[in-house]
Amino acid sequence: MRRVHLEAAEDHVQRLARESDPLGAVKELIWNALDADATRVDVVLHRSPLGAVERVTVHDDGTGMAPEALAAAFDRIGGSWKKWTSGTLLKQRTLHGSNGQGRLRAYALGDHIRWTTVADGGGGRSRTEVSAHAATRNDFLIGDSRPTTDPTGTLVEAWGKQSPRLDRLPLRANHRRLTTELAPYLTAYPEVTVVYDGTPVDPGTSIRRTAVYPLAFGAETAQLKVIEWSAAVDRELHLCDQHGIPVGSVDAGIRAPGFDFTAYVLWHAMADNVGDVHLGDAHDSQVTALVAVAREQLRAHFRSRADDRRRELVEGWRAEGSYPYDGAPAGEPARVERETFDLVATTVHRHLPGRGNQRRGTLRLLCEVLRSQPDRVADLLDDIFKLSDDERGQLDQALRRTAAPRVIRAATTVADRLGVIAALRRLALDERAEDPAALRALLADESWVFGERHGLLAGDRTLDGLLVRHAEVEVLLALARREHEGRQNLVVVAAPTVGLKELARVTAYADAIAGDGGLRGRRVDWDVWLVGSEVDSEARLEARHPDRPPGCVQDRVEGGNRVRVWARSWSEVVHECADRVRFYQDSMADPS
Ligand SMILES: Nc1ncnc2c1ncn2[C@@H]1O[C@H](COP(=O)(O)OP(=O)(O)OP(=O)(O)O)[C@@H](O)[C@H]1O
Ligand SMILES: [Mg+2]
């Protein structure tokens, strides 16, 4: 029996154990096994009958520690032989260790620690036990070596500490943490198996996708490896040497909603520089520069992945018939609307119903909301779906990125108006205005048909009451708007044809209603339209006066009221509307 003593303050040794992080301790023991060329490492969490973790063992089939090497392995902190060697002794695998202190972390797993190691040494194969106790943590007792024919390898056992922290070791999340950290190593050395609490650590089964990018910073080059996982993981940016052996980690530091990933920066000088990472971004070091370019590349990666994912979602909806658009968008506003819809719908896709036909209904509704209330879409969806901060942020960004709300509103207006024009063409031209009720129903909300300045008129009881007193003509439509100190009235009279006789009658009618005392006290703008299927040549001459706009047969002011009388054919009305919409549409497509 020999005793080796660490020449270091005990509290320093205690600090090195990092007792709050038992998983970190397990990792160190695994790395020690892998550094000893193990092909199988078994971490076993022994539970008490009540389920508490009361003993942790890590067994490996590596080369073990020969008696003559043991004292050197245990009697100091730092000065690891691994620092001066390029690879493991037997298989030249990449080494993880370099600090000569990882073993001390075993105190995080128990007060008692025992290494039982079988190795080939100068005196043949032998077994040796090394034990330590937290009460005298600087001392290691090395037992006598005995010959054996057992296979080489090391068993580390830790027990005698009932810390609730240890009870967290079996959590699935810890298995995943090990998986993400060991992923590059296990991918590089597929012959190695690590089993944690009965389950092999197998990145292959949970890796969704891997991407590798070259990085350049200053005169140096490095690599970024991005692994996307099929389960939630801690988003870490592992700082690795050129072989992918992690020597440190920082937060991934980017937003990539909906992705489970870890990233690895591989750089040959990482081990020597990794300490600088904790100096913070303000510090001008190579590692901070490298982390910055790595994050930039990560951001670009996930921007493009998010685009892929959106495309896949949209393709899926199209294939199942729940996508609310057909074919390719015609024209710029339609393209903007479609693009915005895709962004919005794919951002909230988590909230869409799982069933195809319900999803179809929801997507259609979404499309309607986007058309009718483009500026409020983010608020509405937030109310309905209770979006996460990430989703809300993305949505705001999507809607800000383009002039989407404006263009969509404009495009919707155009689409609506084209619909009204088509209906008007059918009712007024094809059916020669023979169904006044249908025409009235169509035009009641579409007063813009008679000119943009009539855009916001509505039905009005005072005006209706006034017109009842003057029933000389058949009124198709009477709409009004009350303004600051006056009002605007529009009265449309329909006639089969417009001739001088009809004109005279309507002009007299206009005078009569304008002269009615009912609206006294207000300044009133009257527009009285006479619209027929035809305007005969005499009436047309009247309507073409050099001082008046086309169609205006009378424009006079009397007693503060302005009275304008118009004579138009339905086909003129329809064509002028179509012209205005076309102009609007053109100016939208080409905003210059
Ligand atoms: N499972 C093992 N198999 C073989 N040798 C081991 C094993 N565990 C520890 N050793 C030996 O003990 C030494 C000390 O291990 P320790 O983890 O403290 O330091 P290290 O691995 O050299 O460096 P680091 O602190 O970076 O891990 C190792 O260098 C190695 O020689
Ligand atoms: Mg080590």
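Taking region 448-467 as the range and being surrounded by 12 or more Cβ atoms within 10 Å (Cβ to Cβ) and basic (Lys, Arg) as the test, only 453 passes.
For the structure I just gave you, tell me whether residue 422 is of a type outside the set (D, E, K, R), open to solvent by 20 Å² or more (accessible area, probe 1.4 Å) and modelled with pLDDT of 85 or more. Break it down stepwise before answering.
Values: of a type outside the set (D, E, K, R): yes; open to solvent by 20 Å² or more (accessible area, probe 1.4 Å): yes; modelled with pLDDT of 85 or more: yes.
Answer is yes for this residue.
A Cβ distance below 7 Å, combined with a sequence gap of six or more or placement on separate chains, defines the contacts here; from region 11-29, residues that are within 16 Å of residue 165 (Cβ to Cβ) reach residues that are open to solvent by 50 Å² or more (accessible area, probe 1.4 Å) and not in a helix (DSSP H, G or I) in the pairs 24/18. So how many residues does region 130-152 have that are surrounded by 17 or more Cβ atoms within 10 Å (Cβ to Cβ), in a strand (DSSP E or B) and more than 16 Å from ligand 2 (Cβ to nearest atom)? Qualifying residue count for the region: 1.
On the given criteria, is residue 338 closer than 14 Å to residue 318 by Cα, touching a residue at least 12 places away in the same chain (Cβ under 8 Å) and open to solvent by less than 30 Å² (accessible area, probe 1.4 Å)? Yes. In the set (1) more than 30 Å from residue 449 (Cα to Cα); (2) more than 22 Å from the chain's Cα centre (by Cα); (3) crowded, with 16+ Cβ neighbours inside 10 Å, residue 414 fails one condition alone, (1).
Just for region 174-208: of the residues that are loosely packed, with under 15 Cβ neighbours inside 10 Å and either at positive phi or of a type in the set (S, T, N, Q) (or both), which one is modelled with the lowest pLDDT? This residue is 205.
When you scan region 101-115, how many residues do you find that are open to solvent by 20 Å² or more (accessible area, probe 1.4 Å) and more than 43 Å from the chain's Cα centre (by Cα)? So the answer is 3. Checking the stated criteria, residue 123 turns out to be away from ligand 2 (no atom under 14 Å from the Cβ) and either under 19 Å from residue 155 (Cβ atoms) or in contact (Cβ under 8 Å) with a residue 24 or more places away in the chain (or both). Right, residue 490: closer than 30 Å to residue 417 by Cα and in contact with a His (Cβ under 6 Å, 6 or more places away or on another chain) or not? So residue 490 passes the test. Scanning region 109-124 for residues that are within 14 Å of ligand 1 (Cβ to nearest atom) and modelled with pLDDT of 95 or more yields a count of 9. Here region 341-360 is the region considered, the condition is being open to solvent by 40 Å² or more (accessible area, probe 1.4 Å) and not polar (S, T, N, Q), and the residue that is nearest to residue 412 (Cα to Cα) is 360. Quick one: in region 56-76, of everything that is within 15 Å of residue 132 (Cβ to Cβ) and open to solvent by 50 Å² or more (accessible area, probe 1.4 Å), which residue is nearest to ligand 2 (Cβ to nearest atom)? Per the criteria, the residue is 76. Exactly one residue out of 227, 245 is among the hydrophobic types (A, V, I, L, M, F, W, C), open to solvent by less than 40 Å² (accessible area, probe 1.4 Å) and touching a Leu at 6+ places or on another chain (Cβ under 9 Å), and it is 245.
In region 23-48, which residue that is open to solvent by less than 30 Å² (accessible area, probe 1.4 Å) and more than 16 Å from ligand 2 (Cβ to nearest atom) is modelled with the highest pLDDT? Before the answer, list the steps.
Kept after step one, since they are open to solvent by less than 30 Å² (accessible area, probe 1.4 Å), are these residues of region 23-48: 23-26, 29-31, 33-38, 41, 43, 45, 48.
The next check asks that each one be more than 16 Å from ligand 2 (Cβ to nearest atom); those that pass are 45, 48.
Working: 45: 97, 48: 92.
This residue is 45.
Of all residues in region 46-63, one or more are within 12 Å of ligand 1 (Cβ to nearest atom) and more than 15 Å from residue 195 (Cβ to Cβ). As a summary of the residue check, residue 210 satisfies the conditions (1) touching a Lys or Arg at 6+ places or on another chain (Cβ under 9 Å); (2) of a type in the set (S, T, N, Q); (3) not assigned by TED's automatic domain parsing to the domain that holds residue 261 except for the one numbered (3). Flag: residue 88 does not match the condition of being of a type outside the set (Phe, Trp, Tyr), within 12 Å of ligand 1 (Cβ to nearest atom), crowded, with 18+ Cβ neighbours inside 10 Å and touching a residue at least 60 places away in the same chain (Cβ under 8 Å).
Determine if region 57-71 includes at least one residue that is among the small types (Gly, Ala, Ser), at pLDDT below 95 and either assigned to a helix (DSSP H, G or I) or assigned by TED's automatic domain parsing to the domain that holds residue 274 (or both). Within region 57-71, one or more residues are among the small types (Gly, Ala, Ser), at pLDDT below 95 and either assigned to a helix (DSSP H, G or I) or assigned by TED's automatic domain parsing to the domain that holds residue 274 (or both).
The values are calculated or read from the model by the stated rules, or taken from the named source; none is laboratory data. The structure displayed is predicted, hence computed values, not measured ones. Ideal geometry is used to build each Cβ from the backbone, glycine not excepted, and the neighbour counts take in all protein chains shown. Each accessible area value is taken on the protein alone, full model and side chains, heavy atoms only, with ligands, DNA and RNA left out. Shrake-Rupley method; radii C 1.70, N 1.55, O 1.52, S 1.80 Å.
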